Amino acid sequence: MGTIWDNMARNENILMRRRLVNAYLSSVVSISLVLLLVGVASMLLVNTRSVSDYFKENVQVAVIMKQEVKDAEAAEYQSVIDSMRFVRATDLVTRARGEKEMAELLGSDFLNVFESSPIPVSINVTLDASYVSEDSLKVVEKEIMRHPAVEEVVYQKSLVEALNSSLGRISLVLAVFIALMLFVSFVLINNTMRLNVFARRFTVHTMKLVGATRAFIRGPFIVRAAFLGLFSSVIALLMLVALLFFVRSEFSQLFEIFTLPRLLAVMGVVVSSGLVICITSTYFVVNKLVSLDKDELYY
């Protein structure tokens, strides 16, 4: 008879361990996925300005020189433009290079209809992102046009206007999206931790009956919550790094804005979020369970 009871107790312990393991694994998976969302949201947040600057700095201004200006004169003025406060980089398009590019576009015999080459020397200017706006571009155009060798300054005004207006709307949508993601993340992790602790409500009640203090009861739960938050954060970071490697393989140029300091900052946000939310939720849930009467534990 004793053997039967022993076997039943052993089976019950095995089932209990399996339930605990399954509950723990499901908690780790759910919290890790939520923290991955936190990581993605943080990545977007810290790189919003960089993404905006990336697109703005791909807008080029073409400085068209007068027809009589030679390559050497244009090269001299290029060094002047390089020293201007709003310039990031310049690229000199010589007359020969311009003719080659036009030949590729219009055909090799397009110059035959002209007595002399109609292609002027030009300088492609990449501006600092803060100057890629309608008002700032007027200032840039005015300053460059002061040189007597410059014929005109050309840029796509409609593209600049559309880019600034689109980036403004995207920033607003991203801000709302990130706020929602962070709120949902907090609620989901908080609910997961509440379920984990509530499943052990009778253990908490037993400890209270034998005279354990709140701090003593909270201790094991807080340690377990910290470990759960840390372990889930590590898994979330591994998934985030894998996602970034995918982005790098598909959008290598865009990946350049994801610098190491920003990535480390995002990792810090993910780990701290996992720890703070798990520990805080556990702290309040345990306090609530300790204050419940025996009858209230069944509801």
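Within the range 78-95, residues that are under 12 Å from A62 (Cα atoms) have Cβ atoms under 6 Å from residues that are open to solvent by 60 Å² or more (accessible area, probe 1.4 Å) in these pairs: T90/D82, counting only partners at least 6 apart in sequence or on another chain. For the range 221-245, filtered to residues that are more than 14 Å from the chain's Cα centre (by Cα), open to solvent by 20 Å² or more (accessible area, probe 1.4 Å) and of a type in the set (F, W, Y), the residue that is farthest from V38 (Cα to Cα) is F227. Checking the structure you have, find out if any residue of the range 24-43 is over 30 Å from V153 (Cβ atoms), at pLDDT below 75 and of a type in the set (S, T, N, Q). Yes, the range 24-43 contains at least one residue that is over 30 Å from V153 (Cβ atoms), at pLDDT below 75 and of a type in the set (S, T, N, Q). Residue count for the range 61-77 satisfying the condition of being surrounded by fewer than 18 Cβ atoms within 10 Å (Cβ to Cβ) and either touching a residue at least 24 places away in the same chain (Cβ under 8 Å) or touching a Pro at 6+ places or on another chain (Cβ under 8 Å) (or both): 7. Taking the conditions (1) outside any strand (DSSP E or B); (2) at pLDDT 70 or above in turn, T126 satisfies each one other than (1). Quick check on Y131: is it under 39 Å from the mean Cα position of the chain (by Cα), open to solvent by less than 40 Å² (accessible area, probe 1.4 Å) and modelled with pLDDT of 70 or more? Against the criterion (under 39 Å from the mean Cα position of the chain (by Cα), open to solvent by less than 40 Å² (accessible area, probe 1.4 Å) and modelled with pLDDT of 70 or more), Y131 does not qualify. In the range 31-47, the residues that are of a type in the set (S, T, N, Q) reach residues that are open to solvent by less than 60 Å² (accessible area, probe 1.4 Å) and not in a helix (DSSP H, G or I) with C-beta atoms within less than 9 angstrom, at least six apart or across chains, in these pairs: N47/I257; N47/F258; N47/T259.
The values are calculated or read from the model by the stated rules, or taken from the named source; none is laboratory data. Note that the structure is a prediction, hence the values are computed from the model and not measured. Cβ coordinates were reconstructed from backbone atoms using ideal geometry, including for glycine residues, and neighbour counts include every protein chain displayed. Just so you know, the surface numbers come from the protein's heavy atoms only, side chains and all, with ligands and any DNA or RNA stripped out. Shrake-Rupley method; radii C 1.70, N 1.55, O 1.52, S 1.80 Å.
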